[in-house]
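One structure below.
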Amino acid sequence: MFRRLVMAGLAMAAAGFLTAAQAQKSDGNWVKLGSFKVDVDKDRETIDLTKSVGKFRAVRINAKEGNIVLSRVQVLYGNGAVHNEDRKIVLNEGERTRPINQASEDRFLDQVNLTIAPKKGDAAMLDIYGLQTDEGANAKRSAVAANTPASTGPVAAQPTKAAPTTALAGTVTEFGDVLFGSQYVGFGVDRDVIRVGAEVGKFDKLRFRVLDNDIFIKDMKVVYTNGESDDLVVNAEVKQNTRTQWFNLKGDRFIKEVQMVYKSKPSFKGQARIEVLGQYAEGWLGPNGEGRKFNQGWVLLGAQTAGFLGFDKDVIPVGKNEGGFKKVRVTVKDRAITLNELRIIYSSGQEDVIPVKAKIEAGSTYGPIDLKGGTRSVKEIQARYRSRFIDKEARGKGMAIVEVWGQH
């Protein structure tokens, strides 16, 4: 009798094991996408996966050699979707993560961005794996479209203020543009990359400002997250303190980065500053806009750095917000802050003052905060905060970055 019970138990266990194994196989097999050397003393690393074959249902990271600590793993997909894995991940040599963003549908992988807790030490070697079904393995990416004609010779531009834009990269400026980033250009030939990323949004126009000195652009190219690219400017001189015309982009896709090859005009004026700005694609914003499908419907309204002394009072201008917003939230990066107060200024001139007086850890969010009166059009957001001196989890010695997001 006892033997029969044991045999029955073993049979049930075996059946359970087979069922689990079959279920795992039905989800797909783990396919190695490549090995990547990552410097652990850097705070960020971008891993390009656009050449990976087929579609995938999840991502996993293995520490093949060395140790690394991550605070975020961001996965960018070919359809423009973005997943942010915001948690502390300690990977010692030989360890691996759990499946990241496992889904029931197959998706092309474009990029994995790692946010690293920097430390001194040797580089780590990471293996990236993708969970792939038989159907996903046979999926083919669409062919790359032909480039749009580039602008050559003189670039149409108009005078602009000599003062640099104060907005942070990825946020709205006082003119309603979104600043992708800025660089200083020397007399020799510089090659720079301004990374944009899908989480900022889709854009159908781009222009740039040139300050302090004339520059000669050998080539300016926009690279989309699906691997396509557009050459915008080739062999063109742009005068100092001017803002160029708008250049049309493929507004139905996300921008990975802007690549530039250029140099300043040799003169006593010194280096030039170039700022690259974008205009949101038609239909991205608004209560029915495509932007609601990404980042759980949250739109980045603006960002600032938080000083250490006293409480900074920053004004974050909000760009287009057709239909208004129902909620706002505050996200903190790099270092903890003390948030003292939020003041919401509506387009009507009315205000909401939200006392907070709370510590917000780096990588965490305060809110969401419901706006009074339902959906409201917002003109600007004023915030009072400061970075905290003592923060063992801070990344580097710099100040915190404070982002304000809105939800329709």
_Under 5 Å, built H, 5+ apart or other chain: amide partners of residue 111_ = 49, 76
*What are the residues whose amide H is under 5 Å from the amide H of residue 173, where those residues sit 5 or more places off or on another chain and H is modelled from the backbone?*
178, 179
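Quick one: length gained pulling residue 43 to residue 313 fully straight, 0.36 nm per residue minus the C-alpha distance?
Full extension from residue 43 to residue 313 adds 94.4 nm.
For the pair residue 231 and residue 134, what calculated FRET efficiency results from E = 1/(1 + (r/R0)^6), where r is the Cβ-Cβ distance and R0 = 56 Å, to the nearest 0.05? Let's see the in-between values first.
Details: r = 39 Å, r/R0 = 0.69.
So, using R0 = 56 Å, E works out to roughly 0.90.
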*At 0.36 nm per residue, minus the direct Cα-Cα distance, what do residue 122 and residue 375 gain on full extension? Give it in nm, one decimal, please.*
86.0 nm
*For region 218-229, just list the computed ³J(HN,Hα) in residue order, Karplus coefficients 6.51, -1.76 and 1.60, θ = phi - 60°, integers in Hz, with x standing in for Gly and Pro.*
6, 7, 10, 10, 9, 10, 8, 5, 8, x, 5, 8
_Order these by the 10 Å Cβ neighbour count, fewest first: 346, 77._
346, 77
*Tell me, 110, 122 in order of fewest to most beta-carbon neighbours within 10 Å?*
122, 110
*Rough spin-label spacing in nm, given labels placed 7 Å along Cα→Cβ, for residue 166 and residue 53*: 5.4
*5 angstrom amide H check on residue 219, placed H, neighbours 5+ away*: 235, 261
_Inter-label distance, nm, simple model (7 Å from Cα along the C-beta direction), residue 271/residue 239_ = 2.5
*Per DSSP, loop trypsin sites (Lys or Arg not before Pro) in region 170-240 with at most 16 further Cβ within 10 Å*: 239
_If packing is taken as the average number of other Cβ atoms within 10 Å across a peptide's residues, how do 379-386, 354-361, 158-165 rank, most packed first?_
379-386, 354-361, 158-165
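Give me the number: length gained by fully extending residue 350 to residue 98, i.e. 0.36 nm times residue separation minus the C-alpha to C-alpha distance, one decimal in nm. Each step should come with its number before you reach the end.
Values: separation 252, 0.36 × 252 = 90.72 nm, distance 4.75 nm.
So the chain would gain 86.0 nm between residue 350 and residue 98.
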*Take the alpha carbon atoms of region 233-274, find their center, do the same for region 30-50, and report the distance between the two centers in whole angstrom.*
29
*Pairwise FRET efficiency - residue 252 versus residue 329, Cβ, R0 = 25 Å, nearest 0.05*: 0.35
*For peptides 272-280, 85-93, sequence by mean Cβ density within 10 Å, most packed first*: 272-280, 85-93
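If you add up the charges near residue 300, with Lys and Arg at +1 and Asp and Glu at -1, over every other residue whose beta carbon is less than 10 angstrom from its beta carbon, what do you get? Could you put the intermediate results ahead of the total?
Working: positive: none; negative: 199, 403.
With Lys, Arg at +1 and Asp, Glu at -1, the net is -2.
Rounded to the nearest 20 Debye, what is the dipole magnitude of region 154-233 about its Cα centre when Lys and Arg each give +1 and Asp and Glu each give -1 at the C-beta? Can you show the working numbers first?
Details: 9 positive and 12 negative charges, 16 e Å.
Dipole size: approximately 80 debye.
No lab work stands behind these numbers, since they all come straight from the coordinates. A quick note: this is a predicted structure, and the numbers were derived from the prediction, not measured. Cβ: placed from backbone, ideal geometry, glycine included. Neighbour counts: every protein chain shown.
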